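**Q** Take this structure, written in structure tokens, and hold onto it; I'll ask about it next.
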């Protein structure tokens, strides 16, 4: 059975003639900028190869010990952590997405990031996405994931083929009603309510940070990170001998 949250995923795009909306800092939500499920975008996805794979990772203890075979009663964790892709079962549908060059149909494709159900890149805490969204206070009492806005930002591929990120810098009130800390390039440089070019090899830290042990030292690190990889182009056909 497909989760109701997965059925609500929406493709988003911007008309090429209205690309300036992505850079307009007075527009602070995807609803003000994007078109949803444009038919031309569906055609591109059916007939073209994606340009990039964008994926969401989460820090997890390298070793977890449970008191029960169903793995629901953790009793111990290792201090060492690993960066894991949320890619088990239906979780993979909200942890990775592919972005296409849609300029041939007059569109700029976008990928929504945040806790709204329509976003393709949507973080959660725990092993059960549905459980987290039904009881976030229970699964995320420290509000690590809750610091990521429902409408945190947009990944988009510009007309020149460069991957960019628009952070909305949401300023809503309340612990779980918006991002107060923006998006952090490699966990060091903060961008809030603006657009930046997402360079190959860089990651974007979003949400809360925790203390972790790296090479024997304690450092503060984002639990959730956005990364991407380029999709190789089809090799040219072999020349006749």
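**Q** Stretch residue 85-residue 196 to full length: gain in nm at 0.36 nm per residue minus the Cα-Cα span?
**A** On the way: separation 111, 0.36 × 111 = 39.96 nm, distance 2.39 nm.
Working it through step by step, the gained length comes to 37.6 nm.
**Q** Given labels modelled 7 Å from the Cα in the Cβ direction, how far is it in nm from residue 27 to residue 215?
**A** With each label placed 7 Å out from Cα toward Cβ, I get 4.3 nm.
**Q** What ranking of 145, 84, 110 emerges when the number of other C-beta atoms within 10 Å of each C-beta is taken as an exposure proxy, fewest first?
**A** Fewest-to-most ranking of 145, 84, 110: 84, 145, 110.
**Q** R0 = 45 Å: FRET efficiency of residue 143 with residue 42, Cβ-based, nearest 0.05? Show your work: numbers first, answer last.
**A** Working: r = 36 Å, r/R0 = 0.81.
Efficiency, from the Cβ-Cβ distance: 0.80.
**Q** Of the peptides 54-60, 131-137, how do they stack up when ordered by the mean number of other Cβ atoms within 10 Å, highest first? Don't jump to the answer; show the numbers that get you there.
**A** Values: 54-60: 20.1, 131-137: 14.0.
Sorting 54-60, 131-137 by mean packing, highest first, produces 54-60, 131-137.
**Q** Moving on. Cα centroid distance between segment 112-131 and segment 5-51, in Å?
**A** Using only Cα atoms, the two centres lie 19 Å from each other.
**Q** Ok, one more. Tell me, 211, 36 in order of fewest to most beta-carbon neighbours within 10 Å? Don't jump to the answer; show the numbers that get you there.
**A** Working: 211 9, 36 13.
Sorted ascending by nearby Cβ count, the order is 211, 36.
Just so you know, all these numbers are worked out from the coordinates, no wet-lab data involved. Given the structure is predicted, the values throughout are model-derived calculations rather than measurements. Positions of Cβ are generated from backbone atoms using ideal geometry, with glycine treated the same way; all protein chains shown enter the neighbour counts.
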